[in-house]
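Notes follow the structure.
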Amino acid sequence: MSLYFGPSGLGPTENAIKTLEEFHKLGIKACEIAFTRGIYIKEKKDALEIGKKAKELGIKLSIHAPYWINLNSLEKEKIEQSKQRILECCKVGTYLGAYRVVFHAGFYLKMDKEKVYENIKQAMLDIQKEIKAKGYTPKLAPETMGKINVFGSVEEIHKLYEETNCEFCIDFAHVLARYKDYRFKETLELFKKSKELHIHFSGIEYGEKGEKNHKKTTKEEIQKLLSALPKDKEIVIINESPDMIKDSIEGLKIIEKIYK
Ligand SMILES: [Zn+2]
């Protein structure tokens, strides 16, 4: 098994090379670049340079797309804008050499869940077509969501994976918040044919309706996750707690203890 542990967030473009070097010194092997509030790496040359450095240091890059995405909007224009945002991430991701573009696919909007699934699936097929035409290299990774009124149950993401040839992001903190249980076994079973697992993890506060907020990961939680993971896959674990660099380092220490 190869395990790549790292934080969500690279920080500003102008410090990116330095940040990657610091990550490398800390033993961090993955980083998800957060375009959640906008695709902030604007210049192709910056993206190429960051990608080259990450590759050199053995840091696997992924991208988290903007939060303003809803592939099930009632307004056609908003669906188009959502598709464009994902495609723009794929374009920058190609320069960066990022292997996944993670995104929150959409909302139910009190519609029939089957219909919502079909709308999102269709939008994803459109995006895939464009990705192919443009030769973009990152794979789409819709994420399992923590709020029960948001599209992204484990089953829905699995169905997209089966029917659109996309990849996926399993956020186990979200799974816990949505189902009140990590459901490690059932979830991993569904995605067992995939050779690479992209996972988000952190502590989480949740209630009846699911996710409230992310919090620091405890040692026990990281241990639980690590012992549940299969041993025959490439696994990227992105830590999304408020203290993600420290949490990633804690995680690394636990991994060293388990696998050395
Ligand atoms: Zn997310």
### Dipole-positive endmost among Leu74, Met1, Gly97 within the stretch 1-107 (Cβ charges, Cα centre)
Met1
### Query
Say R0 is 30 Å: what FRET efficiency, to the nearest 0.05, do Glu114 and Gln223 get from their beta-carbon distance?
0.20
### Query
Going from most exposed to least, what order do Tyr206, Tyr95 have by accessible area with a 1.4 Å probe?
Tyr206, Tyr95
### Query
What list of ³J(HN,Hα) couplings, whole Hz, do you get for the stretch 243-255 from phi and the Karplus terms 6.51, -1.76, 1.60, once you set θ to phi - 60° and write x for glycine and proline?
10, 6, 6, 4, 4, 5, 5, 4, x, 4, 4, 5, 4
### Query
What is the dipole size for the chain, taken about its Cα centre, with +1 at each Lys and Arg Cβ and -1 at each Asp and Glu Cβ, in debye to the nearest 20?
380
#### Entry: Distant alpha-carbon pairs in the stretch 112-154 (separation over 17 angstrom), percent
42
### Query
Taking springs between alpha-carbon atoms closer than 10 angstrom, which of Glu250, Glu220, Glu88 fluctuates most in the Gaussian network model of the chain?
Glu220
### Query
Just the accessible area per residue of the chain, please: how many Å² with a 1.4 Å probe?
49
### Query
Normalized C-alpha radius of gyration of the stretch 117-181, against 2.2 N^0.38 Å?
1.18
### Message
Checking the table Lys180/Lys219; Lys44/Lys132; Lys42/Lys132; Lys121/Lys233 against a 25 Å threshold on Cα-Cα, which pairs fail?
### Response
Lys121/Lys233
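Assuming 1.002 mPa s and 20 °C, estimate D for the chain with Stokes-Einstein, Rh taken as the Kirkwood radius over Cα pairs, in µm²/s.
116
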### Query
Between Glu155 and Glu21, how many nm apart are label points set 7 Å from Cα along the C-beta direction?
5.2
### Query
Direction-averaged shadow area of the convex hull around the Cα atoms of the stretch 97-233, nm²?
8.9
### Query
Regarding the stretch 1-85, what whole-number volume in Å³ per residue does the convex hull of its Cα atoms give?
104
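Relative contact order of the stretch 6-83, please, whole-number percent, based on alpha carbon pairs below 8 angstrom and at least 6 residues apart.
Details: 96 pairs, mean separation 24.0, N = 78.
After rounding, I find 31 percent.
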#### Entry: Gaussian network model of the chain, Cα within-10 Å springs - most flexible of Phe23, Phe201, Phe103
Phe23
### Query
Over the chain, what is the mean sequence separation of C-alpha contacts under 8 Å (at least six apart), divided by residue count, expressed as relative contact order in percent?
19
## Note on the structure
On the accessible surface of the stretch 1-90, probed at 1.4 Å with all protein chains in place, carbon and sulfur together account for a percent value of 50
### Message
Checking the cross-link filter: which lysines have an alpha carbon closer than 18 Å to that of Lys25, excluding same-chain neighbours under 8 positions apart?
### Response
Lys52, Lys53, Lys55, Lys60, Lys246, Lys253
### Summary
The value for the stretch 64-145 (convex hull of the alpha-carbon atoms, volume per residue, Å³) is 82
### Summary
Expected max-MSF residue from Lys60, Lys233, Lys91 in the GNM of the chain (alpha carbon, under 10 Å) is Lys233
### Query
Using θ = phi - 60° and the Karplus form 6.51 cos²θ - 1.76 cosθ + 1.60, what ³J(HN,Hα) does each residue of the stretch 83-99 get, whole Hz, x for Gly and Pro?
4, 4, 5, 5, 5, 5, 4, 5, 5, 4, x, 5, 5, 6, x, 5, 9
### Task
Grab the beta carbon distance between Glu56 and Ala133, set R0 = 30 Å, and tell me the FRET efficiency rounded to 0.05.
0.50
#### Entry: Fraction of alpha-carbon pairs over 13 Å apart in the stretch 217-260 - percent
53
#### Entry: Given charges at Cβ of Lys, Arg, Asp, Glu: the chain dipole, positive-most of Ile238, Leu176, Pro142
Ile238
#### Entry: Cβ-defined net charge surrounding Leu10, 13 Å radius [Lys, Arg +1; Asp, Glu -1]
-3
### Summary
the stretch 162-260, convex hull of Cα, quarter of hull surface, nm² -> 6.7
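The values are calculated or read from the model by the stated rules, or taken from the named source; none is laboratory data. No experiment lies behind these values; they were computed from the predicted model shown. Note that we place each Cβ from the backbone using ideal geometry, even for glycine, and neighbour counts take in every protein chain shown. Accessible surface areas use protein heavy atoms only, side chains included; no ligands, DNA or RNA. Shrake-Rupley method; radii C 1.70, N 1.55, O 1.52, S 1.80 Å.
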